[in-house]
Amino acid sequence: LVAIASVSGARWFDPLRAVALDVAGTIPLFALLFLVLLSGLGVLYPWVNGRGLPNGAWLNPPWFLGRAALYFAVWIGVALTLRRWALAAGVDTAAPPSARERALAGAALPALGLTLTFAAFDWIMSLDPAWSSTVFGVYWFAGGFLAALAVVTLAAVSRVGEGGRATHLPAAQGYALGALMLTFAVFWAYIAYSQYFIIWIADVPAEVAWYAPRVRGGWGVLALVVLVGQLALPLLVLLLYAAKRSARAMGMVAAWLLVVHYLDTYWLVLPAIHPDGPHPHWLDLSAIAAVGGTASAWAGWLGRRGGAGEQGAVSGKR
C-alpha cells in the first residue's frame with residue numbers, strides 16, 4: 001500500500017504514510033513469530049512427513065524455510081528502508097515521498113507481488129498439497145490489501161478525534177479510503193467467485209476436494225458469513241458519499257472488515273485440520289490477543305520513537 005501510494009502520487013495518503021510505515025515496521029516481529037510454527041510443521045503440513053505427495057521437489061522443509069527467509073528478507077528490507085528514509089526526511093511527516101523513496105517503491109513492487117503470491121502458495125495452499133489454484137495468490141492479496149486499507153482507515157479515524165473534528169474525515173482521505181475499500185471488496189468477491197466457479201464446474205476431483213469441506217456444514221455457514229460480511233456490508237455502506245465522510249461509519253466498516261478478514265483466514269486454514277466443521281477454542285482468541293496486542297504495541301512504540309527522533313531533528317536544526 002505504501003509503495004503503490006508512493007508510485008501513483010496519491011497525495012491524500014501522505015498524512016497517513018508515517019503510521020502505515022510504523023505498521024510495516026512490525027514485520028520483523030512476524031518473522032520471529034514464524035519460528036513458532038517450526039515445532040508444529042509436521043502437524044500443519046502433511047507433505048513434511050508424507051510420501052508420494054506431489055511437488056516433492058518444491059515442498060520439503062529446507063526449501064520451504066529457505067523461501068520463507070527470502071520472503072521476510074524482501075518485506076523487512078523494503079519496509080525498514082522506506083521507513084528509515086521517511087524519518088530521515090525530517091520535519092514534515094505529511095510531505096510527499098522523496099525521489100529515492102518513489103524509486104525504491106517502484107522497483108520493489110514486482111518483488112513484493114511475487115513474494116506475497118508464493119508465500120500464499122507455500123503457507124496456505126500447501127496445507128492441502130494435492131490442491132492448486134493459480135489465482136489463489138490474487139485471492140489472498142485482495143483480502144489482505146482490503147484489511148490493510150481497513151487498518152489505515154482506523155488510523156485516519158483516530159486522527160480525526162485528535163484533531164478535534166468529531167464527525168468527519170478530510171474529504172480527500174475519506175473518499176479515497178472508502179472508494180478503495182469498496183473496490184477491493186468487489187475485487188475480492190470477483191476473484192473468490194471466479195476461483196470457485198472454474199473449479200466447481202470443471203469437477204476435477206483433486207481440485208473439488210479442497211472446496212468440499214469448506215462449503216458444507218459449519219464451514220459452509222462460515223463461508224456465507226464471510227461472503228456477506230466482506231462484500232454486502234461495504235457495498236451497502238460505502239456507496240454512500242456521506243458514509244465515506246463520516247468518521248464513525250468508516251471506523252465501523254474498517255473494524256468489521258478486519259474481523260471478517262480473520263474469519264476468511266480461519267476458513268482457509270482450519271478445514272485442513274478439522275474438515276468436519278469448526279472447532280472454536282478459547283486459545284483462538286488468546287492467539288489473536290497475543291499477536292495483535294504485541295504487533296499493536298510494537299507499532300505504537302515505533303511511532304513514539306519516530307516522533308521523538310523527528311522532534312530531535314527539529315531541535316538540532318534550530
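The set of residues in region 204-216 being open to solvent by 60 Å² or more (accessible area, probe 1.4 Å) and part of a helix (DSSP H, G or I) consists of 205 alone. Every listed requirement among (1) touching a helix residue (DSSP H, G or I) at 6+ places or on another chain (Cβ under 6 Å); (2) under 25 Å from residue 127 (Cβ atoms) is met by residue 201 save one, (1).
Does region 162-173 contain at least one residue that is farther than 21 Å from residue 242 by Cβ and in contact with a Leu (Cβ under 8 Å, 6 or more places away or on another chain)? No, there is no match, as no residue in region 162-173 is farther than 21 Å from residue 242 by Cβ and in contact with a Leu (Cβ under 8 Å, 6 or more places away or on another chain). Residue 29 meets the conditions (1) open to solvent by 30 Å² or more (accessible area, probe 1.4 Å); (2) in a helix (DSSP H, G or I); (3) of a type outside the set (Phe, Trp, Tyr); (4) touching a residue at least 24 places away in the same chain (Cβ under 8 Å) in every case but one. The failed one is (1). Within region 179-197, if we keep just the residues that are farther than 16 Å from residue 147 by Cα and without any contact (Cβ under 8 Å) to a residue 40 or more places away in the chain, the residue that is surrounded by the most Cβ atoms within 10 Å (Cβ to Cβ) turns out to be 196. Filter region 128-146 for residues that are in contact with a Leu (Cβ under 8 Å, 6 or more places away or on another chain) and buried (at least 19 other Cβ atoms within 10 Å of the Cβ) and give the result. Answer for region 128-146, where residues must be in contact with a Leu (Cβ under 8 Å, 6 or more places away or on another chain) and buried (at least 19 other Cβ atoms within 10 Å of the Cβ): 137, 140, 141, 145, 146.
For (1) buried (at least 18 other Cβ atoms within 10 Å of the Cβ); (2) more than 23 Å from residue 300 (Cα to Cα); (3) free of Cβ contacts under 8 Å to residues at least 12 places away in the same chain, each residue gets a yes or a no:
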residue	(1), (2), (3)
4	no, yes, no
18	yes, no, no
60	no, yes, no
66	no, yes, yes
71	yes, yes, no
76	no, no, no
95	no, no, no
105	yes, yes, no
109	no, yes, no
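Among the residues in region 151-171, are any open to solvent by 60 Å² or more (accessible area, probe 1.4 Å), at pLDDT 95 or above and out of contact with any Lys or Arg (no Cβ under 7 Å at 6 or more places or on another chain)? No: zero hits. Answer yes if at least one residue in region 94-101 is of a type in the set (S, T, N, Q) and under 17 Å from the mean Cα position of the chain (by Cα), and no otherwise. Checked against the condition, which is being of a type in the set (S, T, N, Q) and under 17 Å from the mean Cα position of the chain (by Cα), region 94-101 yields no hits at all. Only one entry in 140, 131 is part of a helix (DSSP H, G or I) and either under 25 Å from residue 254 (Cα atoms) or not acidic (Asp, Glu) (or both), namely 140. Residue 259 meets each of the listed conditions (1) open to solvent by 50 Å² or more (accessible area, probe 1.4 Å); (2) touching a Leu at 6+ places or on another chain (Cβ under 9 Å); (3) without any contact (Cβ under 8 Å) to a residue 60 or more places away in the chain; (4) under 16 Å from residue 231 (Cβ atoms) apart from (2). Look at (1) free of Cβ contacts under 8 Å to residues at least 12 places away in the same chain; (2) hydrophobic (A, V, I, L, M, F, W, C); (3) surrounded by 12 or more Cβ atoms within 10 Å (Cβ to Cβ) and you find that residue 236 fails only one, number (3).
The values are calculated or read from the model by the stated rules, or taken from the named source; none is laboratory data. Model, not experiment: these values are computed from the prediction. Cβ sites come from the backbone with ideal geometry, for glycine too, and all protein chains shown count toward neighbours. Areas reflect the complete protein model, heavy atoms only, side chains present, ligands, DNA and RNA absent. Shrake-Rupley method; radii C 1.70, N 1.55, O 1.52, S 1.80 Å.
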